[in-house]
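Just below is one structure, and these are the notes that go with it.
Every number in this text was worked out from the coordinates using simple rules, so none of it is lab data. Here the structure is a predicted model, which means the values were calculated and not measured. Note that we place each Cβ from the backbone using ideal geometry, even for glycine, and neighbour counts take in every protein chain shown.
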Amino acid sequence: MEEKLPGSERKNISIGAEVSVVQKHHQRTGELTEGVVKRILTKSRTHPHGIKVMLETGEVGRVKWVYL
């Protein structure tokens, strides 16, 4: 199993990192989308629901897990 860090802290996330995000329309189900970070959209250091990022595919979501 891969090591992973929670996505609620900005310091855990970098451009090019592999992450799992929850997109806005999947918030109720919690369905995860995996991808690579293109841009970090949240300015604050932490966010209780996860740092918002844009993936290389253009999808936007809040990071649940960052894979190492």
How many lysine pairs are close in the chain, with Cα atoms under 15 Å apart and the two 8 or more places apart or on different chains? 9
Distance in nm between residue 40 and residue 4 label points, each 7 Å along Cα→Cβ, equals 2.0
For the chain: Kirkwood Rh in Å [reciprocal of mean 1/r, alpha carbons]: 11.4
Which order, highest average first, do 31-39, 13-21 follow once you tally other Cβ atoms within 10 Å for each residue and take the mean per peptide? 13-21, 31-39
Amide H contacts under 5 Å for residue 42, placed H, 5+ residues apart: 52
Starting at the first residue of the range 48-56, write each ³J(HN,Hα) from the Karplus equation 6.51 cos²θ - 1.76 cosθ + 1.60 with θ = phi - 60°, in whole Hz, x for Gly and Pro. x, 9, x, 6, 7, 9, 10, 7, 4
